[in-house]
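The values are calculated or read from the model by the stated rules, or taken from the named source; none is laboratory data. Everything numeric in this text was worked out from a predicted model, so none of it was measured. Using ideal geometry, Cβ is built from the backbone for each residue, glycine included, and neighbour counts are taken over all protein chains shown. What goes into the accessible areas is simple: the full protein's heavy atoms, side chains included, and nothing from ligands, DNA or RNA. Shrake-Rupley method; radii C 1.70, N 1.55, O 1.52, S 1.80 Å.
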Amino acid sequence: MSNHDLVTNRKMARQNGIVQPLLTDLYQITMAYAYWKSGKVNDVAVFDLFFRTNPFQGEFTIFAGLEECLKFLDNFHYSDSDIDYLIQTLPDNIEPEFFAYLKDLTCKDIKLSAIEEGSVVFPRVPLLRIEGPLIVAQLLETTLLTLVNFASLMATNAARYRMVAGKNVSLLEFGLRRAQGPDGGLSASKYAYVGGFDGTSNVLAGKMFNIPVKGTHAHSFVTSFSTLEDISSVTLRHADTQEQCDLLQLAVDWRRRISSIVDVSPEEASDGELAALVSYAIAFPTGFLALVDTYDVKRYTCPGPRINGHSGYNSNCGSNVDRITDSSGVRSAYGYSTVERTLRSGLLNFCAVALALNDCGYRAVGIRIDSGDLAYLSVLARSTFEQIAEAFKLKWFSKLTIVASNDINEDTILSLNEQGHKIDCFGIGTHLVTCQRQPALGCVYKLVEINGQPRIKLSQDVGKVTIPGHKEAYRLFGADGHALIDLLQRSSEPAPIIGQKVLCRHPFQESKRAYVIPSKVEHLYKEYWSEGRICVRPKPLSEVRARVQASLRTLRQDIKRNLNPTPYKVRCQVAVSDDLYSFIHDLWLQNAPIGELS
């Protein structure tokens, strides 16, 4: 083995310490003993891991978690302390030889085939196919499910946010403090990035997964300053000349100069807030992005029209709303004449500090808004930036970044889009990382073959009937280049051929069938683990992330839309070949009990 392979293997071995064989349900181990006691040690099984319904009332899912599954297989081993714990926990009648058997178990005889991580996937098509000794394959069930379920749900949720936000808006994951525990937070950061987010506030996730780390400051930083005297150092070296600049004095001067543009007098603005922003700018002159809604500064003005649920304020107190103008003589796009009070102090102080930084050779990054009417406030902030840019011939000032946070979800972004917001970046936490709209994907792990004999699970609920046997999956593409249907076949069948007619059938409804002439055929499964080693090395997270977007582009837009999406398989819940259809129904009849009338 080369040095490169050794290094790669060491990296693969770095898995979450929680992910180990005992991260499972007790019944997996009790079943393993019952199998062992029944002499089924040499039985060979095939299990399928799949889900039955797409999440979030959508029509697609993103498959994620494969790399962690491979790490789990690579590190599968019961430690001495694991065995000691099981001896203490399981009933006293368990034979000691069983624990010796567990001690020597590895995944060297397991074969795992899977769809490529980051791919668009659909219900009933197995994401993983696990083949090998029955006992070992059974012991893998719970852990594989927990590694795939949340990862795929999270990546899908993030991909949906990316689609509604659009490709020109940045998305940052801010959810660690609201996540389901530290591991839930770490997984959420990783798979939000896979799904299309641009960065995270989670520093450990940044270190572990090479995800860009982003952030600014909290309200507490602002409120920790009360007056201008709270600043211990007011100077900053000029970026080019290295001369000392008095940033505080420059900011105070600029605040006075631009007060008429922002339509806020310096006396209305908080000196404590100005002190905080100056201090933050001195600490981070090249990355100055400030929270600007800490203080709610009241102003006595007569109310204007209510727009988006907020009252307007007309400093001119004119009776004709159409004549309301801002300080530059231009009517506000929203009918307001002044900046809403939640931004009055913050916007003036930020602009003053940003212009002071410019005098010192630095460019501010932008602002974050964490409350209020985000569409309205973003438009007003952008308008203010543009007016200052025009007044002082600073074109870059009009392009300052506006970040919005505050309990944002999919519907919030869609509403903001309709209102014509001017937000450049969304910071999203709770709704993203907890998947509040749907907290679980519902993957299952079902036995489909034992010792070469197919197995089927029957149920009065047809949706829970399994598709038996060792199968292959193919994605068939239409003439327009879009993915058309996913087809399951028995592994003994020849693969579909481009340009040749294929009969695709619903597995349980005889009348639902259609011919497809594929322009492209993609075999969905690759063998990732066999003979105790990884066969196909998982791709870097950045490539998995790119795979998500490439895979989504193969779907028609109506399948991906937020409201009333078109089902991927218009005629079938899942497509099976004619041969597999007959195989399912023959096996169904063989296994279904025959009733008796009396």
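Computed extension length for Arg52-Arg363: 106.8 nm, one decimal, from 0.36 nm per residue of separation with the Cα-Cα distance subtracted. When the charge dipole of the chain is built from unit charges on Cβ atoms (+1 for Lys and Arg, -1 for Asp and Glu) and taken about the Cα centre, the candidate among Ile83, Phe392, Ala64 whose Cα reaches farthest toward its positive end is Phe392. For the cross-link pairs Lys520/Lys569; Lys40/Lys526; Lys111/Lys471; Lys40/Lys457, which exceed 22 Å when the distance is taken from alpha carbon to alpha carbon? Check vs 22 Å cut-off fails for Lys40/Lys526. The charge dipole of the range 418-508, taken about the Cα centre with unit charges on the Cβ atoms of Lys, Arg (+1) and Asp, Glu (-1), comes to about 340 debye, rounded to the nearest 20.
Sorting Asp109, Asp104, Asp293 by accessible area puts them as Asp104, Asp109, Asp293; the probe is 1.4 Å, largest comes first, and only protein heavy atoms count. Quick one: if you stick a label point 7 Å off each Cα along the C-beta vector at Glu267 and Ser79, how many nm between them? Roughly 6.9 nm, to one decimal. If you average the sequence gap of Cα pairs under 8 Å that are 6 or more apart and divide by the length of the range 182-248, what percent do you get for the contact order? About 17 percent, as a whole number. In degrees, nearest 10, range 0 to 90: what is the angle between the Cα axis of helix 374-392 and the longest Cα principal axis of the chain? On a 0 to 90 degree scale, this one is about 50.
Protein heavy-atom surface of the chain, 1.4 angstrom probe: 50% of the accessible area is carbon and sulfur, with nucleic acids and ligands not counted.
The distance between label points at Ala546 and Gln242 comes to 4.1 nm (points 7 Å beyond Cα on the Cα→Cβ vector). The per residue volume of the convex hull around the alpha-carbon atoms of the range 367-472 is 175 Å³. Counting only DSSP H runs of at least 4 residues, each contributing -39500 (n - 2.57), and dividing by the residue count of the chain, the helix-based mean residue ellipticity at 222 nm comes to -11000 deg cm²/dmol. You can think of it this way: the chain between Ile231 and Asp586 has 119.7 nm of extra reach, that is 0.36 nm per residue less the Cα-Cα gap. Classify the chain: rounded, prolate or oblate, from the alpha-carbon gyration tensor (a ≥ b ≥ c, eigenvalue square roots; a/c under 1.5 rounded; otherwise prolate if a/b is larger than b/c)? Taking the square roots of the gyration eigenvalues as a ≥ b ≥ c, the chain is prolate. Label-to-label distance, Lys520 versus Tyr27, with points set 7 angstrom from Cα along the beta-carbon direction: 4.3 nm.
Let me have the relative contact order for the chain, percent, based on Cα pairs under 8 Å that are six or more residues apart.
It comes to 18 percent, rounded to a whole number.
Secondary structure note: in the chain, about 75% of the DSSP beta bridges are antiparallel. Accessible surface for the range 517-565, divided over its residues, is 56 Å² per residue with a 1.4 Å probe. At full extension, Asn93 and Asp578 could sit 169.6 nm farther apart than now, given 0.36 nm per residue minus the alpha carbon distance.
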